[in-house]
Amino acid sequence: MDKRVPVPVLRQHRKGTWRWPSSSLLCSLDQASRERLLAAGTTKQYPAGQVLVREGDSSNFVIILLDGVVKATGVTSDGKEALLAIRVGGDIVGEFAALDDRPRSATLITCGVVVGCMIKQADFLTVLKRDPAMAHAVNRSILAKMRAADERRMDFAGYEAPIRLARVLRELAVRYGDQSDSRVKISWPLTQPELASLAAVAEPTAHKVLRKLRESGVIATGYRSLTVLDLTELDRIAGV
């Protein structure tokens, strides 16, 4: 599901080894490309709750997440905040504005302490131009995000609320969880209202569905964590 990859080239931060999902950008790069990408920026630690970029801003840098979790939020037409996506160590964020020079499409907020490598737009574009394999990897990462967004929109149109929430839980578990047999632990402070937002269900509905999943032994919830106890059963409920 994921693997530990050493990062030998870091500035302004200690050398370290982090666990990144196998589907992430950093895991898709070979070591030479990964080092070139990280050498183009400045690695720093961000505190919990920090806004990295704000929706509508004209900034155009990118951040390569090395460790931690970032949530992407947007404001709906009726003024409510919606959780759009979760990004974790290994992912790239902010690349849309760097590539098309348009305003930021979402607000990015750290969920706990985050370590990231901030790369200015000009340096990011230069390293992509010099490394075609890296450019292809970034393109694949963008396409994966767009496909995931399309799949979620189809889920919203085609499934009832309990199935939508089950599919969101499964996506988070498979992409970002720590798996041991059929148990998968999701270890970051994702609140029930945020889960409801991701699944586009009402908050009371999310509470009801999560309670039913707990009572049936499919999931367990704890402080800043959610564990899928039976991934096979969650797959069945999610219809996958």
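Please go through region 104-145 and give me each residue that is surrounded by 15 or more Cβ atoms within 10 Å (Cβ to Cβ) and either assigned to a loop (DSSP other than H, G, I, E, B) or polar (S, T, N, Q) (or both), ordered by number.
R104, S105, A106, T107, T110, K120, Q121, D131, S141
Which condition does L210 not pass, out of (1) under 18 Å from the mean Cα position of the chain (by Cα); (2) in contact (Cβ under 8 Å) with a residue 12 or more places away in the chain; (3) more than 15 Å from D155 (Cβ to Cβ), if it passes all the others?
(1)
Which one is nearest to F96 (Cα to Cα) among residues in region 50-75 that are of a type outside the set (G, A, S), within 20 Å of the chain's Cα centre (by Cα) and surrounded by fewer than 21 Cβ atoms within 10 Å (Cβ to Cβ)?
Our first condition is that a residue be of a type outside the set (G, A, S); within region 50-75, this holds for 50-55, 57, 60-67, 69-71, 73, 75.
Next, from what is left, pick out any that are within 20 Å of the chain's Cα centre (by Cα): 50-55, 60-67, 69-71, 73, 75.
Among the residues that remain, those that are also surrounded by fewer than 21 Cβ atoms within 10 Å (Cβ to Cβ) are: 50-51, 54-55, 61, 67, 73, 75.
Values: Q50: 20, V51: 17, R54: 13, E55: 12, F61: 10, D67: 21, T73: 15, V75: 18 Å.
Top of the filtered list is F61.
From the residues in region 159-188 that are surrounded by fewer than 20 Cβ atoms within 10 Å (Cβ to Cβ) and assigned to a loop (DSSP other than H, G, I, E, B), which one is modelled with the lowest pLDDT?
The extreme case among them is W188.
For F156, all conditions in the list (1) surrounded by 15 or more Cβ atoms within 10 Å (Cβ to Cβ); (2) more than 23 Å from T43 (Cα to Cα); (3) of a type in the set (F, W, Y) hold save one; what is the number of the exception?
Result: F156 fails condition (1) only.
List pairs: first in region 131-145 and touching a residue at least 24 places away in the same chain (Cβ under 8 Å), second basic (K, R), Cβ under 7 Å, 6+ apart or cross-chain?
D131/R36
Applying the selection to region 54-79, what residues are within 21 Å of A39 (Cβ to Cβ) and either at pLDDT below 90 or of a type in the set (D, E, K, R) (or both)?
If we filter region 54-79 for residues that are within 21 Å of A39 (Cβ to Cβ), which is where we start, we get 60-68.
Hits for region 54-79 are D67, G68.
If a residue has to be among the basic types (K, R) and in contact with a Ser or Thr (Cβ under 6 Å, 6 or more places away or on another chain) to count, how many in region 221-240 make the cut? Give the steps one after another, and end with the answer.
The initial filter retains those residues of region 221-240 that are among the basic types (K, R), namely 224, 236.
With in contact with a Ser or Thr (Cβ under 6 Å, 6 or more places away or on another chain) added as a condition, the list becomes none.
Result for region 221-240: 0.
The values are calculated or read from the model by the stated rules, or taken from the named source; none is laboratory data. What you see is a predicted model, and the numbers here were worked out from it, not measured in a lab. As a convention, Cβ positions derive from the backbone with ideal geometry for all residues, glycine included, and neighbour counts pool all protein chains shown.
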